[in-house]
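One structure is given below, encoded as structure tokens.
The values are calculated or read from the model by the stated rules, or taken from the named source; none is laboratory data. What you see is a predicted model, and the numbers here were worked out from it, not measured in a lab. Counting neighbours? That spans all protein chains shown, and the Cβs are built from the backbone with ideal geometry, glycine included. Heads up: the accessible areas ignore ligands, DNA and RNA and are worked out on the full protein's heavy atoms, side chains in. Shrake-Rupley method; radii C 1.70, N 1.55, O 1.52, S 1.80 Å.
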Amino acid sequence: KNLQILDDDIHLRADLKLVDGEPMLCLYDKDGNARVHLTLTEGEPSLDFFNDEGITQLRLKLFNGNPGVLLYDENEVYRANLSLTSGKPWLSFKDGNGVLQLKLDSGLTGPLGLAIYDSDGTNSYFP
């Protein structure tokens, strides 16, 4: 079951459907490319924005009830995250392979901390 909205030229512009039993609203540009998805996954909302090539660039999401903003590169690799966990903000950056490089947190594991990771996955904290 789905509901589609077409423009005057009979091009699909919006689509509301169920995917694996969860609702999804898709918005399309005039060329028929998906540009925005609003979804629920296991009851948690996610809003994804795509570039004109269909690559995810931005995701706004709740993770176990905690808000997060994720940024993706041109290869759809998740590169940066700004989130709240238990009411405390944290920021992380990943390299082009998705490997964590830097994390700044506001006391998730103690005092304000900065972790810098090297290529083999080891890190150093600078509280």
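So the values come out like this:
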{"quantity": "Semi-axis lengths, Å, the chain, gyration tensor of Cα atoms, sqrt of 5 times eigenvalues", "calculated": "36, 17, 10"}
{"quantity": "Probe 1.4 Å, accessible area per residue of the chain, Å²", "calculated": "64"}
{"quantity": "Proximal lysine pairs, the chain, alpha carbons under 21 Å, eight or more residues apart or interchain", "calculated": "8"}
{"quantity": "Whole-angstrom gap from segment 80-103 to segment 33-54, using each part's C-alpha centre", "calculated": "20"}
{"quantity": "Cβ crowding within 10 Å averaged over residues, with 19-32, 2-15, 71-84 ranked highest first", "calculated": "71-84, 19-32, 2-15"}
{"quantity": "Dipole moment magnitude, nearest 20 debye, the chain about Cα centre, only Lys, Arg, Asp, Glu C-beta charged", "calculated": "560"}
{"quantity": "The chain - percent of accessible surface contributed by carbon and sulfur, probe 1.4 Å", "calculated": "57"}
